[in-house]
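Presented below is the structure to which this report refers.
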Amino acid sequence: MSAPAPRLTPSTIALLLIPPLMWAGNAVVGRMMQGAIPPITFNLLRWVLAGVLLLPLAAWVLRPGSGLWPQRRRFALLGLLGVGLYNALQYMALKTSTPINVTLVASSIPIWMLLLGRVLYGVPVSRRAAVGAALSLAGVAVVLSRGELAQLGALRLVAGDGWMLLAALTWAWYSWLLVRPPVGGYPPDIKADWAAFLLAQIVFGLGWSGAMTGAEWLTLPPATTGHMQWGWPLIAALVYVAVGPSLLAYRSWGIGVARVGPTVAGFFNNLTPLFAALMSATLLGEMPRLYHAAGFVLIVGGILVSSRR
């Protein structure tokens, strides 16, 4: 007899709503910073600042005797996927692709979670989960097409969409690794402390990000890397992405995934384009329309269907 689906409580729903809200803002800010700073460099500085903010809370995890070092390979993999790759690939995608294409490709994350769970961990894909995924993706399509689904056929994939597809795969794998610990489990002292758990990933992720930033600076023209537009807009953007999408969102995502699993949590990720559309409407002075409500109903319906007992 199969285990019942995890139950969504109000507190869990609130936790899982924070990451898509922060990540929607991250996409907007990332798009705004194009031309002001190279994308991989932006990702490196984001995590440097986030790591500095975490040091007062969890510096002990870096000591030689902590439980980090026996599991350094696992944390190096988590740091590669969640810190080094995902947002760097997203910022790269925003450089060559349109926001609507990037958001549409990112909405495939629940599908990749289902497939990776089946291939890597033998988790069966139930009919209910498949229906929930279809409903959620339909809601995303309604929002992105502004209620005119015929517009979706006019989309053309560019290099940035490929980068975002790779980002979606890395995030799906990262989420599964959170709930599939290594042999012997994650070190108890680190697992019980969210700041230590995140800092353990950042310390390795900075190594990956630093290497990728070095490659970026070697391949980009000197005019691109040598003339970053330092000023309050860039500083404010770095503070936001270091605190909101990094610390607050990762903390909430980690708790939410632990409570309901990566498959159910993945459906909440589809709220990101909806929040991004609402933010854009607010910034442009446009009021939300009927298709926003329709998309919201479909996305939430998919979440509810997938999480029913």
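The values are calculated or read from the model by the stated rules, or taken from the named source; none is laboratory data. Keep in mind that this is a model prediction, so the values were computed, not measured. Here the Cβ positions follow ideal geometry from the backbone for every residue, glycine too, while neighbour counts run over all protein chains shown.
Assorted remarks:
- Unmet requirement for Thr282, which otherwise passes all of (1) part of a helix (DSSP H, G or I); (2) at pLDDT 80 or above; (3) surrounded by fewer than 13 Cβ atoms within 10 Å (Cβ to Cβ): (2)
- Unique residue being in contact with a Gly (Cβ under 7 Å, 6 or more places away or on another chain), farther than 17 Å from Trp163 by Cα and surrounded by fewer than 23 Cβ atoms within 10 Å (Cβ to Cβ) when the list is Val123, Val119: Val123
- Restricting attention to region 168-206, the residues being part of a helix (DSSP H, G or I) and farther than 11 Å from Phe75 by Cβ number 17.
- Failed condition for Ala76, given (1) crowded, with 24+ Cβ neighbours inside 10 Å; (2) at pLDDT 85 or above: (1)
- Options Gly79, Gly84, Gly51; residue that is in contact with a Leu (Cβ under 7 Å, 6 or more places away or on another chain) and within 20 Å of Gly254 (Cβ to Cβ): Gly51
- Condition met for Tyr86 (among the aromatic types (Phe, Trp, Tyr), within 24 Å of Ala281 (Cα to Cα) and within 18 Å of the chain's Cα centre (by Cα)): no
- Residue within region 54-73 that is without any contact (Cβ under 8 Å) to a residue 60 or more places away in the chain, touching a helix residue (DSSP H, G or I) at 6+ places or on another chain (Cβ under 7 Å), over 15 Å from Trp171 (Cα atoms) and among the hydrophobic types (A, V, I, L, M, F, W, C) present: no
- Restricting attention to region 41-56, the residues that are touching a Gly at 6+ places or on another chain (Cβ under 9 Å) and either farther than 19 Å from Leu78 by Cα or not in a helix (DSSP H, G or I) (or both) add up to 1.
- Checked against (1) modelled with pLDDT of 90 or more; (2) farther than 27 Å from Val140 by Cα, Ser66 passes all but a single condition, namely (1).
- Boolean, Leu57 is over 17 Å from Gly207 (Cα atoms) and either among the hydrophobic types (A, V, I, L, M, F, W, C) or touching a His at 6+ places or on another chain (Cβ under 8 Å) (or both): yes
- Candidates are the residues of region 129-164 that are surrounded by 14 or more Cβ atoms within 10 Å (Cβ to Cβ) and of a type in the set (D, E, K, R); the one that is modelled with the highest pLDDT is Asp161.
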